[in-house]
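A quick write-up on the structure given underneath.
The values are calculated or read from the model by the stated rules, or taken from the named source; none is laboratory data. In this text, all values refer to a predicted model and were calculated from it rather than measured experimentally. Glycine also receives a Cβ, built like all others from the backbone with ideal geometry; neighbour counts cover every protein chain displayed.
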Amino acid sequence: MNALISTALAGVVMMFAGLFIRNKQHIKFVAIAALLIVSVANLAELSTIEGGSRTVLGMVTVSHFSILFNAIAFGATLIYFLLSGSAFEKVGEHVADYFALVFFILSGITLASSFSNLLMLFLAIEIISIPQYILAGSNKRTPKSSEASLKYFLMGSFSTGILLMGITLIYGAAGTFNIEELGLGNGDINPLALCGIILLAFALSFKVSAAPFHFWTPDVYDGSPTVFTSFMATVVKAGSFIAFIRIFHGAFTGTNISAHWQLLLSLVTAATLLIGNFTAVFQQSVKRMLAYSSIAQAGFMLFAVISMNKYATQGIILYAAAYSVATIGVFAVTMKLKDYTFDGFNGLARTQPVLAVTTAIFVCSLAGIPLTAGFFAKYFVLTAAVQQGNLLWLVVLAVLCAAISAYYYFRVIIAMYFKQGEPATKEEITGGFKVMLVITAAIVILLGVFPGLLLNLI
Amino acid sequence: MPVQYYIFLSIVLFCIGVMGVLMRRNAIIIFMCVELMLNAVNLLMVAFSKMWADAGRVDAAGAQIFVFFIMVVAAAEVAVGLAIIVMVYRKSQSVDINIMNRLKN
């Protein structure tokens, strides 16, 4: 609850900060301070929880898991602010409002990690989505940004309609919105409930950009200002996944019903892995490659949704952290370059060795190379699927797709280290930025060597 | 009236909305179709609320409260969405979504 209230308050504070603070750089510092306060408030709640979880008014359940996930989301956002916060100033005039919108998205994410009622699920998804429509269109100078915003808005509100229809049908079958009392699938399957679950699965696949509902993703991620793409593709996507997992693992676990949606979602996973990876191979722009790579990574995260066991919960926590931190890092480096194509990275190792080394670490983590966080993240979600049984074909497919993904991730490394070129940067790379990059890369390696640091906290 | 009538009416309205979103090219009309989908949901929600109230559930009014939440969120979406549509119209003098194919190049 602390996290929910404090993020919403921080959003309001940021809106007022825009009125009173003229200096754009100071606004960034206010945002970082607010985020630190929010993180402390979130962790302070840990000691007040007795017996694993606490339910507030039957709407929100705060547990160790939700607090840990909130902490990861806030930590990733903190890294994001420190690495890319100065890029907010270049998007447009209303810097404080962008920070406020980011805080509102964070409050939606905290709600997504702790809802215990379908009403709160709906509100969480909407609070996450609506600020994103604005952020996507925040660069008013290019028509691409406003078109991305319109496209995202139309697709997003369409999927909201589908989500609501799913919730309504489930209510018609169960007579309650409380996800612990739904009790679906223990007896005969109610056709209304089955339709509702399928619609919910479709709507949430839209939100996490799983194929075949991914078609908006590349255009929106490409058109939006890069600094906001970086946030939308990482923290927000992880937040949507938590909502996905909590509703499906919390409410639809009855043995009769889970087989149905598991089959459906395993087909979605297979399609997401194939489409994401194969399309990413053919991209020339790193920004667009990262958009497709986010679809491919969503395929791996879907494994945690399909398999219902301890490894899945641990896997999604680790995956959320590893993927968010590494992608934020790659985006932060990409933003500093003038040219977003692979050729723009040519020869970066010679002119900016620190940037090149850290980017190489981030990219290795995304590809799942051992000793980086991405390896254990992939290991845990795939172990979860193996433990689940009858999903072995999907695991084999995932491993093959991970091999394909190495091709397009390593193209960045090859461009940086083995090609000649003069990469042009937009601005002078400051020492502080380099230090932050090194710290971020250290986090990626630390999680890759000692994943228990995070997992023992659940 | 049995609840089945409401279910069929809502599903027909919802499908009209879905078809409109998929087939129309004008952003405003797509937006109206989304609103139609949401209102179909509202109608169904109220019908189910009555159904469960008749079946003796004391908390059935919760679904009617849900309808108010949907209305409020839909209003928030209208506020953001119309602003976005106006912004696109100013740029391209059109609300036809075919112009968005420009993004692909």
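A few comments on the model shown:
- When A:Gly431, A:Gly421 are checked against the criterion of being over 24 Å from the mean Cα position of the chain (by Cα) and closer than 25 Å to A:Gly75 by Cβ, A:Gly431 stands alone in meeting it.
- Considered as a group, the residues in the stretch A:319-336 that are crowded, with 24+ Cβ neighbours inside 10 Å and more than 15 Å from A:Ser294 (Cβ to Cβ) include one that is farthest from the chain's Cα centre (by Cα), and that residue is A:Val333.
- For the stretch A:204-221, the set of residues classified as in a helix (DSSP H, G or I) and either crowded, with 22+ Cβ neighbours inside 10 Å or free of Cβ contacts under 8 Å to residues at least 60 places away in the same chain (or both) consists of A:Leu204, A:Ser205, A:Phe206, A:Lys207, A:Thr217, A:Pro218, A:Asp219, A:Val220, A:Tyr221, listed by residue number.
- B:Ser10 vs. criteria more than 27 Å from A:Gly108 (Cβ to Cβ) and within 9 Å of another protein chain (Cβ to nearest Cβ): yes
- Sole exception among (1) facing chain B (nearest Cβ under 9 Å); (2) farther than 30 Å from B:Gly56 by Cα for A:Arg141, by number: (1)
- Residue check for A:Lys90: part of a helix (DSSP H, G or I), of a type in the set (Lys, Arg), in contact with an Asp or Glu (Cβ under 9 Å, 6 or more places away or on another chain) and under 24 Å from A:Ala326 (Cα atoms): no
- Counted residues, the stretch A:129-150 - those being in a loop (DSSP other than H, G, I, E, B) and either of a type outside the set (D, E, K, R) or surrounded by 24 or more Cβ atoms within 10 Å (Cβ to Cβ) (or both): 4
- Residue match in the stretch B:60-74 (condition: in contact with a Ser or Thr (Cβ under 8 Å, 6 or more places away or on another chain), surrounded by fewer than 16 Cβ atoms within 10 Å (Cβ to Cβ) and either farther than 22 Å from A:Gly223 by Cα or more than 10 Å from every other protein chain (Cβ to nearest Cβ) (or both)): yes
- Options A:Thr55, A:Thr77: the member that is over 20 Å from the mean Cα position of the chain (by Cα) and within 25 Å of A:Thr313 (Cβ to Cβ): A:Thr55
- Filter pass, A:Ile105 being surrounded by 24 or more Cβ atoms within 10 Å (Cβ to Cβ), touching a residue at least 60 places away in the same chain (Cβ under 8 Å), in a helix (DSSP H, G or I) and within 11 Å of another protein chain (Cβ to nearest Cβ): no
- Which listed residue is buried (at least 18 other Cβ atoms within 10 Å of the Cβ) and under 24 Å from A:Leu119 (Cβ atoms), from B:Val34, B:Val46: B:Val34
- Here B:Ala53 meets the list (1) touching a helix residue (DSSP H, G or I) at 6+ places or on another chain (Cβ under 7 Å); (2) farther than 23 Å from B:Ser94 by Cα; (3) surrounded by fewer than 19 Cβ atoms within 10 Å (Cβ to Cβ); (4) of a type outside the set (Asp, Glu) almost entirely, failing just condition (1).
- Hits in the stretch A:159-175 (condition: of a type in the set (Val, Ile, Thr) and more than 7 Å from chain B (Cβ to nearest Cβ)): A:Thr160, A:Ile162, A:Ile167, A:Ile170
- Test: residue in the stretch B:24-42 that is in contact with an Asp or Glu (Cβ under 8 Å, 6 or more places away or on another chain), more than 7 Å from chain A (Cβ to nearest Cβ) and either among the β-branched types (Val, Ile, Thr) or not in a helix (DSSP H, G or I) (or both): yes
- For the condition away from chain B (no Cβ under 11 Å), buried (at least 24 other Cβ atoms within 10 Å of the Cβ) and part of a helix (DSSP H, G or I), A:Phe153 does not qualify.
- Under the condition of being at pLDDT 85 or above and farther than 12 Å from A:Phe103 by Cα, the residues counted in the stretch A:1-21 number 7.
- Pair list, Cβ < 8 Å and 6+ apart or interchain, from the stretch A:19-41 residues that are under 13 Å from A:Gly85 (Cβ atoms) to residues that are among the polar types (S, T, N, Q): A:Gln25/A:Ser86; A:Lys28/A:Ser86; A:Leu35/A:Thr77
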